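Quick notes on the structure that follows.
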Amino acid sequence: MPRALHGDGSKVGSNLQIRQQTLYRGASHKNINGTSVKDYVTHHEAFMYYNSTSNPHHLLPTSVAMIGHTDKANHQYDLTEFWAAARAGNMPAISYLKAPAYQNGHPGYSDPIDEQNYLVSTINHLQRLPEWNSTAVIIAYDDSDGWYDHVMPPIVSQSGDTKHDRLLGVTGLCGTTPAGAVQDQCGYGPRVPMLVISPYAKTNFVDHSITDQSSILRFIEDNWGLGRMGSQSFDVKAGPINNMFDFSSSGHRTGNLLLDPTTGMQNATGLK
């Protein structure tokens, strides 16, 4: 199933039971080409690899009120639970959403139009929530899918393992790993998009700061005063994404922009 990770009331029990049965049947949807694709991809579920967020038996939250709190679901939910929490005014402060496989844009079983449908539908829905005026959506991609990038990235993480780390070939171009550092993390690699959608996002703006995916984690850590993870986590080296926002009291707040999920064009309700 598509997953949500994050810190209808009267029918919640029956709804959760239906979702549990659907999950074990292996729910699937048809992509834009008409091919049936299973929603849930096991090895795409990154948070399952950590004990602090693992839910290997796909246990349901105790109730909608417990979504975002610690119970048997261990902060791992189906997307239907995320929206149930949002409808109940219980949307957690931080959520990671992952599209079902047929809408994740991965070549072979998804498509950019499928991906567009997911992103636009999700963001349109979020913009209609009362919490939108304090919300930021950060869209990130896990890899470049092999697309060529003509710009050489800066090397912020060295690796001296020429046998297994082939980002720059086998000629030792990734420098020398500092004593005690983890090998095989030569990077950065090819560039991937990162988009910010928020009332606080700068309009018509392209940020040229050097960031990586752990810059999102750094933003969360800084906003909530959590400190860095340590243990050679990349959030220590990551550049901030703050330049993509304008949090000043005099800053311009962007209005809602609702798009058509199929065409990607501004829909009839328009900009408001």
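Can you pull the percent of the chain's accessible area that's carbon plus sulfur, 1.4 Å probe, other chains left in place? Solvent-exposed carbon and sulfur of the chain make up 56 percent of the total. Each principal axis of the Cα atoms in the range 119-272 has its own extent, and those three values, largest first, are 56, 37, 22 angstrom. Over all pairs of different C-alpha atoms in the range 222-272, the reciprocal of the mean inverse distance, the Kirkwood hydrodynamic radius, equals 14.9 Å. Using only the Cα atoms of the range 23-117, each taken as one equal point scatterer with no solvent, compute I(q) by the Debye sum, divide by I(0), and report log10 of the ratio at q = 0.21 Å⁻¹. Values, matching the q order: -1.10. Over the chain, the reciprocal of the mean inverse Cα-Cα separation, the Kirkwood hydrodynamic radius, stands at 20.9 Å.
Tell me the mean residue ellipticity at 222 nm calculated for the chain from its helices only (DSSP H runs of n ≥ 4, each -39500 (n - 2.57), averaged over every residue, nearest 500).
Values: 4 runs with 49 residues, N = 272.
Calculated at 222 nm, the ellipticity per residue is -5500 deg cm²/dmol.
Enclosing the Cα atoms of the range 189-235 in their convex hull gives a volume equal to 89 cubic angstrom per residue.
The values are calculated or read from the model by the stated rules, or taken from the named source; none is laboratory data. These numbers come from a predicted model, not from an experiment. When the accessible area is computed, the model is the full protein with side chains, heavy atoms only, and any ligands, DNA or RNA have been set aside. Shrake-Rupley method; radii C 1.70, N 1.55, O 1.52, S 1.80 Å.
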